1. Among residues belonging to region A:126-147 that are part of a helix (DSSP H, G or I) and in contact with a strand residue (DSSP E or B) (Cβ under 8 Å, 6 or more places away or on another chain), point out the one that is farthest from residue A:279 (Cα to Cα).
2. Could you tell me which residue of region A:88-113 is surrounded by the fewest Cβ atoms within 10 Å (Cβ to Cβ), considering only residues that are closer than 21 Å to residue B:95 by Cα and more than 21 Å from the chain's Cα centre (by Cα)?
3. Is it the case that region B:257-265 has a residue that's closer than 28 Å to residue B:141 by Cβ and either modelled with pLDDT under 95 or buried (at least 17 other Cβ atoms within 10 Å of the Cβ) (or both)?
4. Taking residue B:70 as meeting all but one of (1) surrounded by fewer than 24 Cβ atoms within 10 Å (Cβ to Cβ); (2) more than 8 Å from chain A (Cβ to nearest Cβ); (3) without any contact (Cβ under 8 Å) to a residue 60 or more places away in the chain; (4) over 23 Å from residue B:165 (Cα atoms), write down the number of the exception.
5. Mind counting the residues in region B:97-125 that are in contact with a helix residue (DSSP H, G or I) (Cβ under 9 Å, 6 or more places away or on another chain) and more than 17 Å from residue A:75 (Cα to Cα)?
6. Quick check: anything in region B:1-24 within 10 Å of chain A (Cβ to nearest Cβ), buried (at least 24 other Cβ atoms within 10 Å of the Cβ) and either touching a strand residue (DSSP E or B) at 6+ places or on another chain (Cβ under 7 Å) or closer than 15 Å to residue B:310 by Cβ (or both)?
7. Which fully enclosed strands (runs of 3 or more DSSP E) of region B:232-305 have 2 or more residues being touching a residue at least 24 places away in the same chain (Cβ under 8 Å) and closer than 15 Å to residue B:7 by Cβ?
8. Conditions: (1) more than 12 Å from every other protein chain (Cβ to nearest Cβ); (2) under 21 Å from residue B:128 (Cβ atoms); (3) surrounded by fewer than 22 Cβ atoms within 10 Å (Cβ to Cβ). Residue B:30 meets all but one. Number of the miss?
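The values are calculated or read from the model by the stated rules, or taken from the named source; none is laboratory data. Source: prediction; values computed, not measured. Counting neighbours? That spans all protein chains shown, and the Cβs are built from the backbone with ideal geometry, glycine included.
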């Protein structure tokens with residue numbers, strides 16, 4: 001089978017993302033944890049896969065979400081938002097018993113975050129394959145995979161099944177290899193990472209993830225890692241570098257870089273997912289790498305300036321305005 | 001078996017309450033539900049059984065809680081509070097997987113409340129009988145039962161078992177018959193209500209609950225209902241009447257009334273549970289009915305003046321001061 005050049009065009013069908021949907025409740029003071037009475041603001045629609053797909057749709061890509069929420073206002077807040085932003089939610093299941101997932105988030109004085117999660121013990125964890133999901137997958141053109149889901153057995157099986165179906169019909173797969181380092185203690189996981197990376201067309205790593213995904217030593221440098229990824233069959237490697245912008249490396253040998261936008265960061269949660277959602281949408285809409293990198297940098301940066309994980313996902317018009325108005329880092 | 005006069009004295013062992021422990025996150029604006037971004041304050045330790053037992057301990061009664069929390073800050077907020085207030089928490093289990101229960105609460109403009117709950121799908125629902133719980137029950141002197149738990153099969157079995165053990169050793173049982181009316185559609189529940197009422201020594205109803213518990217028609221009046229309860233073996237019926245105070249009716253034929261305190265209500269959540277916790281503690285400490293009613297009215301009223309379901313539970317000194325400073329309704 002010849003690999004399709006990544007990513008497959010819009011005409012093949014929507015970009016799909018599978019995974020957790022939740023609301024975030026954000027502490028408005030910095031401090032340690034959640035033991036004491038404190039102010040919050042929320043609920044904010046959230047979940048990395050949901051943020052990705054929302055940004056993808058707002059950018060103008062056709063997009064469909066697969067996940068599960070509870071029969072409560074927090075679930076409706078999510079489905080209302082995704083629907084309003086143009087995401088196909090026919091694959092979002094409503095669990096009759098379990099509540100919508102929640103994440104309480106508080107920034108600590110050192111910039112790290114404390115969480116109280118109800119994620120895989122919420123509706124998000126009850127997701128199973130349904131005829132509605134089958135229908136979405138059977139007409140999809142691209143699957144975006146969140147690497148964090150590698151260890152969620154029931155979700156991972158669905159992702160694996162969706163990836164096979166979509167590849168069989170000529171679609172493509174992108175992977176955010178955001179696998180947490182603690183996962184790597186499990187030897188079975190290494191094989192799963194390798195298999196998933198080998199099945200992807202487009203990889204969107206940041207930091208150490210490039211080396212985790214390629215299985216190379218950081219000491220051997222970025223070029224070694226990227227070369228290894230091309231050997232594995234990846235067509236396109238996009239590296240997110242935060243304040244240092246981003247770069248794209250194609251298997252054809254070409255490389256591109258784009259500077260970051262200069263912003264005042266309010267809430268970085270979701271910035272990486274917005275970067276990915278915009279990049280995949282742009283490429284599938286037929287834009288060249290340079291244009292896609294610029295929109296992706298803008299989408300991530302704009303989202304970080306607005307409180308709430310998905311609140312700053314921008315439409316094409318909003319991102320055009322952001323790009324025109326915002327200086328770049330040198 | 002001759003029924004012990006309700007409630008058994010402190011010397012027999014602590015007052016125990018079994019049931020849900022959770023945190024409440026309170027919307028600080030009134031409105032409809034939780035679809036939109038809005039401010040909250042919390043977490044507040046909560047759960048009707050936990051509020052009851054906390055007030056019982058703060059009043060000076062010996063008190064023990066049986067329930068389950070998650071391994072998270074919300075669980076610790078609850079156990080820290082109960083411990084600090086003098087509650088024995090050796091029967092509070094920590095679930096390794098499920099999160100601590102949460103309740104989002106928002107007052108609507110009409111005074112009703114909207115909720116998003118994660119209650120029986122949280123750690124609260126995973127409670128099972130353990131050696132630690134056995135140890136607490138085997139030295140307890142009194143059990144307070146929340147009628148809402150009638151339909152939680154796993155919890156109800158534990159309550160039933162605890163009631164038998166405590167009665168066998170000469171202890172007593174009080175019942176807050178706060179069974180929601182929708183439960184009564186299930187015919188099996190009627191039998192369970194009747195059995196539970198018949199096994200109680202002290203009943204603490206409000207509003208319609210008097211008639212649900214006695215199985216009499218509201219049209220036949222309060223006296224008929226109370227007489228029926230005495231026939232069933234109840235020794236003491238305490239009726240909570242909100243702004244109209246409270247009354248106590250003893251099987252011996254005596255009746256007592258106490259006026260309500262005149263307050264500006266901030267958050268009525270938990271007021272009824274504080275009333276009950278204070279009343280049971282006072283009676284078990286040997287106070288007469290009049291004094292117990294006054295402390296119970298004060299505990300409920302004081303709690304309603306302070307935001308948060310358990311925040312206004314008063315110590316004996318705080319309630320003495322409240323009683324001295326607060327006018328009564330006519």
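1. This residue is A:126.
2. Out of the qualifying residues, it is A:97.
3. yes
4. (1)
5. Of the residues in region B:97-125, 9 are in contact with a helix residue (DSSP H, G or I) (Cβ under 9 Å, 6 or more places away or on another chain) and more than 17 Å from residue A:75 (Cα to Cα).
6. yes
7. Values: elements: B:236-240, B:246-250, B:255-258.
It comes to B:236-240, B:246-250.
8. Condition (2) is where residue B:30 drops out.
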